[in-house]
Each structure stands twice: as C-alpha cells, then as structure tokens.
Amino acid sequence: MPVDEQKNKGWQKVVGTKETIKALETGEAHQVFIASDAEYRVIRPVVALCEAKNIEPEYVDTMLQLGKMFGIKVKAATAATKEY
C-alpha cells in the first residue's frame, strides 16, 4: 500500500533512523523503508531489527526519493509506518 494511502488508513509516518529503530523496538512498526544509497553503517541497526522482528523492509532507490515519499524535503536513510 502506498505511503500516502496509509495515512488515511490510520497509519502514522516516522522518518529517520532513530525514529525507525524506536518504532521497531516498541513493536509499532508496520512497514519499513530503507534507501539503497544510504551508508550501511547507518542502516545496519534497522536491517538487524527487521530481521529480528521478521519484517521485510522495502528498499527505495535513493534517500531523496524516500524523503519525498514521506513528505519531507530532505534525504532520509530509513522510514517506517506505524499505527496511530
């Protein structure tokens, strides 16, 4: 389901590695997005938590594209959707 449609279905967007990690650790993350061009050292904790929580992340080509998907004007390495 596209990110803009999820907002109407009761999903909240979180952007950035720290916020994505927090959503994964609390079990609130529904869907996780990772930019393919992000540095591995930045996304490594998110990838590890996704594996631990059995969440298949969706990879996006660029950090700029991921930022735009989530309605921000800057780049983002990771993002997620979670329930309100």
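Of the residues in segment 35-84, how many are under 14 Å from Leu24 (Cα atoms) and among the polar types (S, T, N, Q)?
Summing the residues that are under 14 Å from Leu24 (Cα atoms) and among the polar types (S, T, N, Q) in segment 35-84 gives 3.
What tally of residues in segment 1-19 results from selecting those that are closer than 17 Å to Thr62 by Cβ and at pLDDT 95 or above?
Looking only at that region, the number is 3.
Anything in segment 50-75 that is under 12 Å from the mean Cα position of the chain (by Cα) and among the aliphatic types (A, V, I, L, M)? List them, or say none.
Matches in segment 50-75: Ile55, Val60, Met63, Leu66, Met69.
The values are calculated or read from the model by the stated rules, or taken from the named source; none is laboratory data. Because the structure is predicted, anything quoted here is derived from the model rather than measured. Cβ coordinates were reconstructed from backbone atoms using ideal geometry, including for glycine residues, and neighbour counts include every protein chain displayed.
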